[in-house]
Amino acid sequence: FENLLEWKNGLFEVQDEGSQIAALLCDARPGMQVADVCSGAGGKLLVMAARMNNKGRILALDVNSEKLNQSKIRLRRAKVQNVEQVLVKKGWSNERWTKKFDRVVVDAPCSGSGTWRRQVDARWSLTPQKFREYKEAQSDLLENARAMVAPEGRIIYITCSFLASEGQEQIKNLMVKAPELELVRIEKVWERTVLALGGGNCPPTDGKFLQLTPGKNRTDGFFIAILRACHAY
């Protein structure tokens with residue numbers, strides 16, 4: 001597909017459906033202030049920028065300069081103009097961005113178990129030490145997101161994982177110490193985003209979290225939770 005003129009002109013990108021759903025559920029709208037704190041190579045950035053019609057601002061943070069460079073190429077090809085990229089160091093401070101954002105997207109580093117259907121050797125490279133580091137990073141990033149989200153704004157937590165310790169348990173642990181946050185039911189956001197674009201009539205969940213799996217949904221495995229800062233703090 002890389003030889004297609006349409007791709008070279010930024011008219012489309014290739015992305016797993018689960019990743020697209022996660023990006024749509026961020027519900028980024030024109031004029032918003034959005035922070036993508038693990039922006040990586042920019043797949044979800046492209047979806048959010050398109051939904052925002054290049055209006056507003058997306059702050060794209062990552063600790064990996066190579067991924068930011070890949071993202072820059074994709075954003076330029078798609079003629080995205082509302083993204084500010086910032087290379088941060090591990091353990092970065094959120095002081096510059098406290099309570100600034102309508103949406104804070106945390107597509108956290110994780111085991112990647114949701115991609116094992118197509119990266120079958122990846123499971124053998126996951127060590128107990130790496131797994132502990134991933135979970136520590138997830139917790140730290142959620143704390144940064146908690147500080148960055150504006151009152152009435154949302155945190156969207158995403159992992160490409162099946163494992164409860166990287167999904168539900170992280171959110172439950174956060175909410176014990178974050179009384180200002182409340183869970184937003186996925187189906188309400190689904191109606192405004194996925195359904196509005198012609199997606200399925202109802203989300204594949206009957207609870208407050210969304211867990212996509214290859215067996216049930218024919219996508220990569222994704223965990224998605226949406227939280228709202230329900231009052232000033």
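Things to note:
- Cut-off under 5 Å, modelled amide H: who pairs with D107 long-range: V37, C38, I158
- Apportionment of accessible area to carbon and sulfur, the chain, percent (1.4 Å): 50
- Potential lengthening of the chain between R118 and K208 amounts to 29.6 nm, from the contour at 0.36 nm per residue minus the alpha-carbon distance.
- Of the beta bridges in the chain, as assigned by DSSP with both residues counted there, near 40 percent are antiparallel.
- As a calculated quantity, the FRET efficiency between T98 and N3 at R0 = 45 Å, using C-beta atoms, amounts to about 0.45.
- Per-residue ³J(HN,Hα) for the stretch 168-182, Karplus 6.51 cos²θ - 1.76 cosθ + 1.60, θ = phi - 60°, Hz, x for Gly and Pro: 3, 5, 4, 5, 4, 5, 5, 6, 4, 10, 10, x, 7, 9, 9
- The overall shape of the stretch 44-110 is oblate: from the C-alpha gyration tensor, with semi-axes ordered a ≥ b ≥ c, the ratio a/c is 1.5 or greater and a/b is no larger than b/c.
- Translational diffusion of the stretch 93-233, µm² s⁻¹ [Kirkwood Rh, Cα pairs; Stokes-Einstein; 20 °C; 1.002 mPa s]: 135
- Residues of the stretch 61-76 with amide N under 15 Å of the 7 Å Cα→Cβ point at L87: 61-73
- Members of K172/K216; K55/K130; K55/K177; K72/K172; K90/K188; K79/K135 lying beyond 32 Å, as alpha-carbon distances in this model show: K55/K130; K55/K177; K72/K172; K90/K188; K79/K135
- Contour minus Cα-Cα distance for V63 and M175 (0.36 nm per residue): 37.7 nm
- Taking the Cα centre of the chain as origin and assigning +1 to Lys and Arg Cβ atoms and -1 to Asp and Glu Cβ atoms, the resulting dipole is close to 360 debye.
- Over the chain: helical MRE at 222 nm, DSSP H runs n ≥ 4 each giving -39500 (n - 2.57), nearest 500: -9500 deg cm²/dmol
The values are calculated or read from the model by the stated rules, or taken from the named source; none is laboratory data. Remember, predicted model here, so these are calculated numbers, not experimental data. Quick reminder, even Gly has a Cβ in these numbers, built from the backbone with ideal geometry, and neighbours come from all protein chains shown. The accessibility values were calculated without ligands, DNA or RNA, using every heavy atom of the protein model including side chains. Shrake-Rupley method; radii C 1.70, N 1.55, O 1.52, S 1.80 Å.
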